[in-house]
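Reading through the structure tokens given below for one structure.
The values are calculated or read from the model by the stated rules, or taken from the named source; none is laboratory data. Just so it is clear, the model here is predicted, and its values are computed rather than measured. With ideal geometry, Cβ positions are generated from the backbone for all residues, glycine too; neighbour counts draw on all protein chains shown. Only protein heavy atoms, including side chains, enter the accessible area calculation; ligands, DNA and RNA are left aside. Shrake-Rupley method; radii C 1.70, N 1.55, O 1.52, S 1.80 Å.
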Amino acid sequence: MRERLMSRARVETDIPCVRRVPHRYMVALMAAFSALITVGTGAAFALVITRLSEKKNEDRVNLVFTDCTGLNAKVHLEGDMVFLLHITYFISFSLGLVPGSILGTLFSTTEVAGWSVILFSVATWILPFAIPASIPFVFVLCIILGATEGAKQPAIMALIAAWSTKAEKTCLYGIYTTGVYTAPALSSLMTATTLCFASWDGILFIYGCVGIVWGSLWLHGFHDTPALHPNLALEEAWFLRQHGEQVQKSSVQMLRRVPWKAMLTSRGVWAVFLGSFSRNIIFAILVVHQAQYFNDAFNIRAEDFGILSIIPNVGLGVATMTGGLVSDKLIDMGNDRTNVRRTVFCSAYAVEGVCLAALFFVSDWRVAFGIICCGIAIGGMAVSAYAPLPSDMAPQYTSVISGLTMTGTLGAVLITGLAAVVQTLWAWQIVFLVAGIFHLASAVLFFFMVDARLQPWAKGKTSSTANQPRKAGNTNNSAVGQSDSEENIDNYETAPLTESSEASHNDLEFGLKRDYKTIDRVT
């Protein structure tokens with residue numbers, strides 16, 4: 001009977017799960033949905049406060065909405081106040097990353113991500129009441145929004161690493177980053193519509209409610225690793241056990257083993273930081289300052305540009321997913337992983353840098369919009385190159401590396417500081433020229449710094465025996481042999497453990513321990 005179950009498991013791990021969506025893809029899809037909520041909220045908030053800072057102008061360009069009936073807030077924000085709110089959010093996001101990565105190492109990454117989104121959503125829901133009542137309280141809420149978003153990011157990256165296989169890693173990260181970069185598109189459409197036809201604060205209530213629902217579903221249906229999932233399909237459990245990254249459960253012991261010095265002096269880690277820093281410059285322009293740029297330089301309303309901004313955002317999302325699929329295919333064909341990451345990143349960043357620099361010479365909004373769409377979309381392929389690097393270099397420490405390297409959000413703080421002092425077309429042209437030159441320099445540096453190999457300091461034991469308790473009653477001193485031998489299956493109840501055999505024993509636990517009830521069903 002057990003031999004039949006073992007044979008069934010051995011066969012089904014060699015084929016894809018076709019009867020339903022594999023749980024690892026559900027993890028990536030739910031992670032992408034969390035990005036649609038948090039990043040979308042940020043984009044919506046940017047459009048809302050841009051609308052609240054607009055001055056009445058009879059010569060304003062009306063592209064889409066001409067007869068808006070939405071309710072306006074009884075408050076006006078000065079331009080300087082708007083940029084201070086943006087800077088507060090980005091700084092608090094950066095400050096929340098490292099504590100978030102430590103929390104993800106100490107506690108359940110699923111719970112860290114879920115509660116972060118819930119707190120983020122509660123703060124979003126309070127924002128419409130705070131903006132007319134107390135601007136200092138709005139700053140407090142921006143700190144909460146940034147810190148909780150910062151805590152969520154490393155946890156999500158670690159979860160995807162724990163659930164991905166080596167052949168699907170870039171694709172799963174691509175699904176998540178596609179959510180990150182398509183979030184502004186969906187948010188722009190919804191925000192523009194609610195601003196014009198409902199009220200200025202309607203979109204914040206929507207995102208707040210959806211985020212709370214997402215957090216509740218996430219906390220009740222998802223787990224840190226495949227070994228901790230009580231109802232994971234048998235065939236997918238064995239598939240992940242054979243081909244996935246074996247990641248330990250979060251614990252104090254794991255935090256104590258983090259090789260901080262080696263990590264902070266690793267050339268590959270700094271390559272990820274460089275990619276994050278330069279990418280956040282573009283992301284800040286795309287999510288926060290794009291509407292402000294077209295408002296200042298070409299007198300286009302926030303509602304109208306909210307509709308137009310869907311195009312570059314969708315292009316960015318498609319390019320990110322395409323880059324992930326192409327990278328996985330190239331690696332699967334036998335190409336060196338480091339060379340694939342290097343080629344995709346540098347080629348995409350070179351094109352994007354040229355497009356950004358070209359905006360220095362543009363004074364027509366249509367040409368500027370076309371160049372932005374082209375450059376940002378192609379640049380999205382670079383995300384699929386540097387986002388999986390923490391998992392490539394050290395799967396066990398993905399949360400920590402992601403938290404450290406995502407402090408590249410300081411790039412968004414830098415560009416926001418520059419945008420705070422520019423309100424003319426000429427000044428914005430200078431900003432884009434600087435961003436373009438920096439992108440080209442980043443491509444050159446990344447070429448020499450990137451390293452996608454498993455790092456020597458990350459080659460510790462990754463046995464996941466902490467993920468599940470041992471089978472009770474094992475007290476003898478004989479060792480368990482290979483996990484897929486019939487002798488081991490027959491002796492599973494009585495075969496004891498030695499230190500050298502814990503990984504083999506865990507293979508049995510992972511595939512069979514919680515599936516004894518399945519044996520009767522199979523037979």
Built amide H within the under 5 Å cut-off of Thr165, gap 5+: none
Gln423/Leu325 FRET efficiency (R0 30 Å; Cβ-Cβ; nearest 0.05): 0.15
Solvent-accessible area, 1.4 Å probe, carbon plus sulfur percent, for segment 327-460: 72
Shape of segment 294-359, Cα gyration tensor, a/c cut at 1.5: oblate
Separation in nanometres of the label points that stand 7 Å from Cα toward Cβ, at Leu454 and Ser199: 5.6
Solvent-accessible area of Met190 with every protein chain in place, 1.4 Å probe, in Å² to the nearest 10: 60
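Counting only protein heavy atoms and a 1.4 Å probe, tell me what percentage of segment 259-298's accessible area is made up of carbon and sulfur. Intermediate values should be presented prior to the final figure.
On the way: 790 of 1190 Å².
Taking all protein chains in place, segment 259-298 shows 66 percent carbon and sulfur surface.
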C-alpha center-to-center spacing [segment 393-440, segment 86-148] in angstrom: 20
Solvent-accessible area per residue, Å², over segment 178-273 with all protein chains present [probe radius 1.4 Å]: 40
Leu95-Lys261 pseudo-label distance in nm [points 7 Å out on the Cα-to-Cβ vector]: 3.0
Theoretical gain in end-to-end length, Val444 to Thr165 [0.36 nm per residue, Cα-Cα removed]: 97.4 nm
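When a/c is below 1.5 the answer is rounded, else prolate if a/b is larger than b/c, else oblate, so apply that to segment 325-461 with a ≥ b ≥ c taken from the square roots of the Cα gyration tensor eigenvalues.
Numbers: a/c = 3.04, a/b = 1.81, b/c = 1.68.
Prolate is the answer for segment 325-461, as a/c is 1.5 or above and a/b outweighs b/c.
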Separation of the Lys74 and His243 label points, Cα + 7 Å toward Cβ, nm: 6.1
